[in-house]
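What follows is calculated from the coordinates using simple rules that are stated; it is not laboratory data. Owing to the predicted nature of the structure, the values given are computational and were not obtained by experimental measurement. For neighbour counting, all protein chains shown are included, and Cβ atoms are generated from backbone atoms with ideal geometry for every residue, glycine included.
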Ligand SMILES: [Mg+2]
């Protein structure tokens with residue numbers, strides 16, 4: 001009975017704190033637009049609410065969710081299935097074949113161009129479009145992904161169970177096209193509904209699929225948005241709708257991890273035993289997720305971890321910086 005009473009008191013106090021914090025944020029914003037103390041470089045109103053916000057957010061964290069993560073972003077290829085089955089290698093062969101046919105190149109020339117376009121534009125498709133080739137993404141993906149040996153991807157019921165045990169929103173965040181994402185998930189035995197949202201090539205580049213009269217080509221080379229470029233992460237953060245410091249991004253690509261960290265996301269590199277500089281975690285395979293990052297499941301009364309506290313403080317700093325700007 002006493003526990004229930006304390007629980008209700010915590011809830012009421014947190015609710016009150018949330019409302020008061022919103023009011024203070026509005027108050028800060030108004031004051032930052034029209035400072036009541038024009039001669040003072042730091043008006044007192046901006047310092048006292050800062051202390052209060054620390055208290056309120058700590059209360060929030062203790063009551064609401066002891067996990068440091070409100071949302072998880074999963075890469076697909078070589079993250080949800082092992083790279084050892086060679087899907088990436090087959091994909092590269094298919095890209096070489098596409099480049100060979102499209103640009104009239106020898107095999108070795110096509111491979112070199114693929115590497116170069118990846119370095120400069122993030123993908124061969126983006127590079128070809130930037131160079132002015134009239135390539136429709138569907139034609140590219142139907143050859144590059146459509147001919148992959150999907151039979152190598154085995155059903156993974158343990159992965160399905162693992163994903164379903166995560167109560168926070170999960171988002172699949174892949175550079176691949178939607179059809180490829182669906183086929184991979186189907187092979188893994190994971191329902192698309194397991195994810196709250198799928199962010200794929202089409203999501204990030206809707207304008208490339210807009211109908212053009214009489215199939216006229218685009219006037220200027222279009223900009224293709226893909227990981228690891230910041231625009232892709234900004235889009236994902238915006239779609240997810242959570243503070244980046246409270247989102248966990250899992251990917252096998254070091255360059256993707258690097259940009260994700262710059263965007264403020266928590267990061268976990270998959271396929272490595274040791275952490276890289278920009279990764280908060282490292283896990284050899286996705287099956288080791290629970291062991292590597294147990295705090296994902298700390299949402300039912302577990303202790304507030306160091307990372308959770310750090311994320312809360314980072315969130316406060318960012319909010320404060322925005323208010324003071
Ligand atoms: Mg990947």
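Taking the empirical scaling 2.2 N^0.38 Å for compact globular proteins as reference, the range 165-297 has a Cα radius of gyration ratio of 1.16.
Full extension of the chain between residue 83 and residue 210 gives 42.3 nm of extra length, using 0.36 nm per residue less the Cα-Cα distance. Rounded to the nearest whole angstrom, the semi-axes of the ellipsoid equivalent to the range 84-152, taken from the Cα gyration tensor as √(5λ), stand at 19, 13, 11, largest first.
Assuming 0.36 nm per residue, please report the length gained on full extension of the stretch residue 277 to residue 160 beyond their Cα-Cα distance. Present the calculation step by step, with values, prior to reporting the outcome.
Details: separation 117, 0.36 × 117 = 42.12 nm, distance 2.98 nm.
In short, 39.1 nm is gained.
From most to least packed by mean Cβ count within 10 Å, the peptides 159-172, 258-271, 87-100 give 258-271, 87-100, 159-172. Label zone of residue 182 (point 7 Å out along Cα→Cβ, amide N under 19 Å): in the range 133-151 this covers 137-151.
The shape of the range 149-192 comes out oblate: with a ≥ b ≥ c from the C-alpha gyration tensor, a/c is at least 1.5 while a/b does not beat b/c. For residue 130 and residue 262, the difference between the fully extended length at 0.36 nm per residue and the C-alpha to C-alpha distance is 45.0 nm.
Report the relative contact order of the range 137-290, percent, no decimals, based on alpha-carbon pairs under 8 angstrom and at least 6 residues apart.
Numbers: 191 pairs, mean separation 23.6, N = 154.
Once normalised by length, the contact order is 15 percent.
A crude spin-label estimate for the pair residue 118 and residue 193, with each label 7 Å from Cα along the Cβ direction, gives 3.7 nm. The label-point distance for residue 103 and residue 167, in a model that sets each label 7 Å from Cα toward Cβ, rounds to 5.1 nm.
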